[in-house]
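The values are calculated or read from the model by the stated rules, or taken from the named source; none is laboratory data. No experiment lies behind these values; they were computed from the predicted model shown. In this analysis, Cβ positions are derived from the backbone assuming ideal geometry, glycine residues included, and neighbour counts consider all displayed protein chains. Keep in mind that these areas ignore ligands, DNA and RNA; they rest on the heavy atoms of the full protein, side chains included. Shrake-Rupley method; radii C 1.70, N 1.55, O 1.52, S 1.80 Å.
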Amino acid sequence: GNKSVTTMGNDSPVNTSIYNTTEIDLNHEQNNLTFEFAALHFSRAEKNQYGHYLEGYDEEWTYDNRRFATYTNLDPGEYVFHVRGSNSDGIWDEKGIALAITINPPWFGTWWAYTIFALAFISILFGLRSIEIKRREQKAKITESELRAQAAEAQAKISQTENERKTK
């Protein structure tokens, strides 16, 4: 985020000297990273070459004479940034240096949040099912009472018709 980890103070993800740091832990908002590096060979320094590779993101090493590498909008996950350099004679430091980087997901992207979301979804489904069952039971009761009322009406009509017949 255009802030040097050495000048961030208490908000810095680096608690020790950047030169002794082998891993950093970042939150999901700290996913735009720029690494600056240098090869310490001062004879024709402009001819020094650099290679960098972000394991988990890049597919292969990038070789050029730029002294920085930028990565934007990295997804949460684990990465390892590797860098190595060569002197002006083209002799490469094969070992290089590596920095392990963990970008943590936002709270809603963690396993426990997914568990809570799943439980809430299942609870909603069961609640909707319960409401539907109650609605159907009420509808069945209303239908049953309507049928009883119709049967009573029919019985009353039959009785009235029978009474009229007997009266005639």
- [ ] Could you tell me whether Phe108 is closer than 25 Å to Asp25 by Cα and either open to solvent by 60 Å² or more (accessible area, probe 1.4 Å) or part of a helix (DSSP H, G or I) (or both)?
- [x] yes
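May I ask you to say which residue of Ser88, Ser130 is farther than 24 Å from Thr22 by Cβ and touching a helix residue (DSSP H, G or I) at 6+ places or on another chain (Cβ under 6 Å)?
Working: Ser130 fails: touching a helix residue (DSSP H, G or I) at 6+ places or on another chain (Cβ under 6 Å).
Exactly one of Ser88, Ser130 is farther than 24 Å from Thr22 by Cβ and touching a helix residue (DSSP H, G or I) at 6+ places or on another chain (Cβ under 6 Å), namely Ser88.
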- [ ] Only residues that are among the β-branched types (Val, Ile, Thr) and open to solvent by 80 Å² or more (accessible area, probe 1.4 Å): list them for the range 123-137, please.
- [x] Ile124, Ile131
Open item on the list: Restricting to the range 34-71, name every residue that is touching a residue at least 12 places away in the same chain (Cβ under 8 Å), open to solvent by 70 Å² or more (accessible area, probe 1.4 Å), in a loop (DSSP other than H, G, I, E, B) and out of contact with any strand residue (DSSP E or B) (no Cβ under 8 Å at 6 or more places or on another chain).
Closed with: Arg44
Open item on the list: Within the range 81-100, does at least one residue satisfy the condition of being of a type in the set (Asp, Glu) and in a strand (DSSP E or B)?
Closed with: no
Open item on the list: Looking at the range 86-112, I want the residues that are at positive phi and modelled with pLDDT of 95 or more and have a partner that is in a helix (DSSP H, G or I) and surrounded by 14 or more Cβ atoms within 10 Å (Cβ to Cβ) with Cβ atoms under 8 Å, at least 6 apart or on another chain. Which pairs are those?
Closed with: none
- [ ] Can you work out which of the residues in the range 18-32 that are over 24 Å from the mean Cα position of the chain (by Cα) and open to solvent by 50 Å² or more (accessible area, probe 1.4 Å) is modelled with the highest pLDDT?
- [x] Thr22
